[in-house]
Structure formats: structure tokens, C-alpha cells
Amino acid sequence: MLKNIRSLTLEELKNDFLALGFQKFRANQVYSWVQEKGVESFDEMTNLSKDMREKLARNYTLNNCKINKKLVSKIDETVKYLFELNDGEYVESVVMKYKYGYSICISTQVGCKMGCTFCASAIGGFVRNLDAGEMLSEIFTAQNDLKVKINHLVLMGTGEPLDNYANVMKMLEILTDENGQNMSMRHISLSTCGIVPKIYELADKKLGLTLSVSLHASNNTIRSNSMPINQKYDIDELLKACRYYATTTNRRISFEYAMIKNVNDSDECAYELANRLKGILCHVNLIPVNNVRETNFVKSTVERQKRFIDILASRGITATVRRTLGSDINASCGQLRASTKKSR
């Protein structure tokens, strides 16, 4: 099986090229084409001879996402992509335009194992991990299509990033390489539903990225009913790891909290949540739950959201309601892939 050349670090490419008999400087040229310019074929590498391009094609693949569907919001210019991978599977990405530039939310897996009941990503189950190059291709394909420079990354699409830890870490190493996209770690957010051992590993790396934790409940009873991961790593264990992360990295954690009417949005839940988060360097990001056909969850009212924020603030916990982007195109990940799989 041929290697996906977009999944190789510069050092790995140099070692490969020595074994193939290429001059060492050629690795820098090819790496620039692949990781800086984001080309989609070896034929685009115009400063290489035809013989070398053909030899590259015999020894490597350059896997690229293909745009299967593209939806553009008429409200805020958010763009949602359904990408088709080389094996015919699908993943989703969303590009959002802000005052500071463009941000992309990418998928890290095809499907998801976590089974959170309020999330469309789990519909259809887990298929496989994405390799580093496939994740990078989501970024390059969107950049090339929109003719823009994407300078912020959110790992919050389909899949659990910490369940694909090795490939995600390699993708981040390549993405932040000064010889490639040179994206700042401080412009990267990684979201997890709470794989505790990997949170400790990530903390010890001190990468400088922002950790977002999908909490969505103030106690184990509520969380276990909607998030199976809580039966393996409960809230107390998860928050212990979060305290370690915040203390070790001195980085503020963002706790994601999907507001579900009559499930986790009561005053009691707000007070309980504030008590649990006391002393952690953090921010709570309230998310009006998405209307997913396969669930019967209903989003909390605006009044309830405001009351929840006020209670948290009274206990010293900052919270805001996440701005909804691309609402007219169902921009939250999982829904477009799910509908496509169903139609097939």
C-alpha cells in the first residue's frame, strides 16, 4: 500500500527520499508543494522533472477530498462541505468567516464511536480513523475552493479527536510546521468528549492549543444518559484531568454545554455545574442544542439560557451562548453525512 505523501513530516520525507535516491533538497521542494501550496497532484509540481514526478506517483499517493456537496449560508457566508474520500466514505467540514479571518471545523474520523445521543455525528456508527493527510486535505480543499487563507482550526467535526490521537498529533505537527502552513497552535482548538488518559498526555505536551471539553451535564446521572463515555470516565475523573490540564498548560479550558430543555437547563443544574467547576481556569460555552431528526431534544429558551448564565456568573464562572453560524444550512457536523448515507 502506497504512503499518503501528505501524511509525512519533512523529516520523514527526507529519509524516504534518501532511500529512493533523490537528492536531499528535493524533499524540501516537494514538501513545499504538498504542505505549503496544497497542490492536488504531482503534475502541479512544475520545478520537478517529469521522470521525478512519475517516480513520486509510483511510490506515493496524494489523497485529496472531493467536494460532493457544498452549501453556502445566505445569512453569514458560512460554507459547509460534504467531502468524499478516496475510499468512497464521507466527512464534513465547515468554514466560518470572522472579523479576524477564516476558521475551519474539520472531521477527524469517519463516523464516531462515542454515541452521544444529541449528536448527529454518531448516526451510522464508526467506520475508520482519518490519517493526518486526509485531515489536512479537508483544509487544503476548502482553501483552494474558496481562494482564501484559513488561519484558525477547530477539531470539532465528526469523530472524537483523542480517539484518533496519533494521527491528530501528527496532523498538528505538520500543520504548524514553518515550512508548511505555519498555523499557530494558539489558533487551534481541540474538542473532546472526555477520554481522560489522552487529556493527561495532551497536557504534558504543552502545545498551546485550546482544549474544549464536551461536558453537557452537571452530574453523572444526566451525563451517562446522553454520553456513554461517562460510564468509563465519570465527571469527577474528567474534571480532575481538566484541572491538571489547566494547571500544567496555564491555558483556559472551554466547557461545551448543550442546553436541552427540561434535561440539563434547570437552576439546580446551573448551581451544581458552578460548584463542580470552581477553581478551574475555564469558560462555559452554552450551545442551544441542534434540532436533529433522529432525536427528540428541544433547545432551551433564550430566557432559560440567560438565567443559566446569571447563576454561573454569581458563582464566579464566566459563560456565553455560542454564536450560531450557518443555521440555514444545518452547519453543525454530522447531519449532511447522515442524510447522504440515508439516501444511498
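Some notes on this structure:
- Single residue of segment 55-67 satisfying the filter (in contact with a Phe, Trp or Tyr (Cβ under 8 Å, 6 or more places away or on another chain) and surrounded by fewer than 16 Cβ atoms within 10 Å (Cβ to Cβ)) that is farthest from Ala120 (Cα to Cα): Ala57
- Filtered by the rule that a residue be in a loop (DSSP other than H, G, I, E, B) and in contact (Cβ under 8 Å) with a residue 60 or more places away in the chain, segment 16-45 gives Gly38, Glu40.
- For segment 236-261, filtered to residues that are within 22 Å of the chain's Cα centre (by Cα) and among the aliphatic types (A, V, I, L, M), the residue that is surrounded by the fewest Cβ atoms within 10 Å (Cβ to Cβ) is Ala246.
- Residue pairs whose Cβ atoms lie under 9 Å apart, sitting 6 or more positions apart in sequence or on different chains, and linking a residue in segment 223-236 that is touching a residue at least 40 places away in the same chain (Cβ under 8 Å) to a partner that is part of a helix (DSSP H, G or I) and aliphatic (A, V, I, L, M), are Ile229/Leu238.
- Segment 141-152 residues that are within 13 Å of Glu36 (Cβ to Cβ), paired with ones that are part of a strand (DSSP E or B) and β-branched (Val, Ile, Thr) (beta carbon under 6 Å, 6 or more apart): Gln143/Ile150
- Condition check for Cys112 on (1) part of a loop (DSSP other than H, G, I, E, B); (2) modelled with pLDDT of 95 or more; (3) buried (at least 21 other Cβ atoms within 10 Å of the Cβ): one failure, at (2).
- Given (1) on the phi > 0 side of the Ramachandran plot; (2) not assigned by TED's automatic domain parsing to the domain that holds Phe140, number of the condition Val39 does not satisfy: (1)
- Of the residues making up segment 265-298, those that are modelled with pLDDT under 95 and polar (S, T, N, Q) are Asn290, Asn291, Thr295, Asn296.
- Among residues of segment 115-134 that are basic (Lys, Arg), those with a Cβ under 8 angstrom from a residue that is at pLDDT 85 or above and surrounded by fewer than 22 Cβ atoms within 10 Å (Cβ to Cβ), sequence gap 6+ or separate chain, pair up as Arg128/Glu89; Arg128/Val110.
- Test: residue in segment 326-341 that is modelled with pLDDT of 90 or more and of a type outside the set (A, V, I, L, M): no
- Unique residue being over 19 Å from the mean Cα position of the chain (by Cα), part of a helix (DSSP H, G or I) and of a type outside the set (Asp, Glu) when the list is Leu13, Leu48: Leu13
- Meets criteria (surrounded by 15 or more Cβ atoms within 10 Å (Cβ to Cβ), touching a helix residue (DSSP H, G or I) at 6+ places or on another chain (Cβ under 7 Å), not assigned by TED's automatic domain parsing to the domain that holds Asn167 and not acidic (Asp, Glu)) for Leu71: no
- Within segment 128-144, the set of residues being over 18 Å from Tyr81 (Cβ atoms) and in a loop (DSSP other than H, G, I, E, B) comprises just one member, Asp131.
The values are calculated or read from the model by the stated rules, or taken from the named source; none is laboratory data. Please read these numbers as outputs of a predicted model, since none were measured by experiment. Because the Cβ atoms are built from the backbone with ideal geometry, glycine has one as well, and the counts that use them run over all protein chains shown.
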